[in-house]
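J.: The structure's right below; bear with me while I get my questions together.
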Amino acid sequence: MISYYSQETKIGKFTIFEENGAIIRAVFPVLSVSTNGCRYAKTLAITEAFKQLTEFLDGKRTVFDLKLEPKGTPFQKRVWAELMKIPYGKTVSYQDIAVAIGNSKACRAVGLANNKNPIPIFIPCHRVIGNNGKMVGYAGGLDCKKSLLEIEQVIQ
């Protein structure tokens, strides 16, 4: 059974989904969320995820220690695994991710996979920027992306 819980954070009301003790989805306040067939419950995994998210947003956590199980295609999972390697306080380009997964021509596909990241912040897609060094698209909105990068002191 999939459980979910919504809670206010510094970036608004965030919703986290859990299944079998693993975080499977996190939804930004600006996005609509479907909870059909899910149970509203603050499980241990969700409680820990919100605790760590709060610590991150307060600038007190640089690495998440959660069981994450994003659902996606094999390609998307490769991209998301590469996103997990981006250190706190650093940014990379879509091109960098494409090269890292062994397909330097896959920039656009990497961007699409990044956009489909079901567990943003925990899988740090906010650390990916355009090849020109500018912030581009973010499911939570560019203001949110900017705030997250400010927390990590990537931008001031």
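The values are calculated or read from the model by the stated rules, or taken from the named source; none is laboratory data. Keep in mind that this is a model prediction, so the values were computed, not measured. Glycine also receives a Cβ, built like all others from the backbone with ideal geometry; neighbour counts cover every protein chain displayed. For the accessible areas, the whole protein counts, side chains as well, though only heavy atoms, and no ligand, DNA or RNA atoms are used. Shrake-Rupley method; radii C 1.70, N 1.55, O 1.52, S 1.80 Å.
J.: Taking 1 over the mean of 1/r across every pair of different Cα atoms in the range 109-156, what Kirkwood radius in Å do you get?
T.: Details: mean 1/r = 0.0915 Å⁻¹.
Hydrodynamic radius (Kirkwood, Cα only) of the range 109-156 equals 10.9 Å.
J.: Residues in the range 110-133, backbone N under 20 Å from the label point at K10 (7 Å along the Cα-to-beta-carbon vector): list them, ranges by number please.
T.: 120-128
J.: Could you please state how large a percent of the accessible area of the chain is carbon and sulfur, counting protein chains only and using a 1.4 Å probe?
T.: The computed percentage sits at 51.
J.: Considering only protein heavy atoms, with the full assembly of protein chains and a 1.4 angstrom probe, order M84, M1, M135 by accessible area, largest first.
T.: Details: M84 95, M1 140, M135 65 Å².
These residues rank, largest area first, as M1, M84, M135.
J.: Rounded to the nearest 20 Debye, what is the dipole magnitude of the chain about its Cα centre when Lys and Arg each give +1 and Asp and Glu each give -1 at the C-beta?
T.: Magnitude of the dipole: close to 340 debye.
J.: Taking the range 68-156, which trypsin sites (Lys or Arg not before Pro) meet the DSSP loop condition and have no more than 16 other C-beta atoms within 10 Å?
T.: K71, K85, K90, K105, K116, K134
J.: Tell me, what is a quarter of the convex hull surface for the C-alpha atoms of the chain, in nm² with one decimal?
T.: Convex hull of Cα atoms, orientation-averaged projection: 8.7 nm².
J.: Quick one: the Cα spread of the range 1-91 along its three principal axes, in angstroms, biggest first?
T.: So the extents along the principal axes, rounded to whole Å, are 36, 33, 25.
J.: Can you compute the FRET efficiency between E55 and M84 using 1/(1 + (r/R0)^6), with r the Cβ-Cβ distance and R0 = 22 Å? Round to the nearest 0.05. Intermediate results must be reported in sequence, preceding the final value.
T.: Details: r = 18 Å, r/R0 = 0.81.
With a Förster radius of 22 Å, E is 0.80.
J.: Magnitude of the Cβ-charge dipole of the range 1-89, K/R +1 and D/E -1, about the Cα centre, nearest 20 debye?
T.: Details: 13 positive and 9 negative charges, 23 e Å.
Rounded to the nearest 20 debye, it is 120 debye.
J.: I need the shape label for the range 81-126. Rule: rounded when a/c is under 1.5, else prolate if a/b > b/c, else oblate, with a, b, c from the alpha carbon gyration tensor. Write down the numbers at each step before the final one.
T.: On the way: a/c = 2.09, a/b = 1.32, b/c = 1.59.
Because a/c hits 1.5 or more and a/b fails to exceed b/c, the range 81-126 counts as oblate.
J.: Only bridges with both residues in the chain count here: give the DSSP antiparallel percent, nearest 5. Display every interim value, and only then the final one.
T.: Numbers: 13 of 19 bridges.
For the chain, the DSSP antiparallel bridge percentage is about 70.
J.: Taking the Cα centroid of the range 1-21 and of the range 77-110, what is the distance between the two, rounded to the nearest whole Å?
T.: 26 Å
J.: Hey, which aspartates and glutamates would be in cross-link range of K90, C-alpha to C-alpha under 17 Å, not counting anything within fewer than 8 residues on its own chain?
T.: Within the straight-line cut-off, K90 pairs with E82, E150, E152.
J.: Here's another thing I want to ask about it. Quick check on my link table: of K60/K105; K51/K105; K67/K134; K13/K105; K71/K134; K13/K67, which ones sit more than 27 Å apart, alpha carbon to alpha carbon?
T.: On the way: K60/K105 37 Å; K51/K105 39 Å; K67/K134 31 Å; K13/K105 37 Å; K71/K134 29 Å; K13/K67 22 Å.
Check vs 27 Å cut-off fails for K60/K105; K51/K105; K67/K134; K13/K105; K71/K134.
J.: Additional query: Please give the per residue volume of the convex hull enclosing the alpha carbon atoms of the range 68-156, rounded to a whole number of Å³. Don't jump to the answer; show the numbers that get you there.
T.: On the way: hull volume 7.3 nm³, N = 89.
Here the figure is 82 Å³ per residue.
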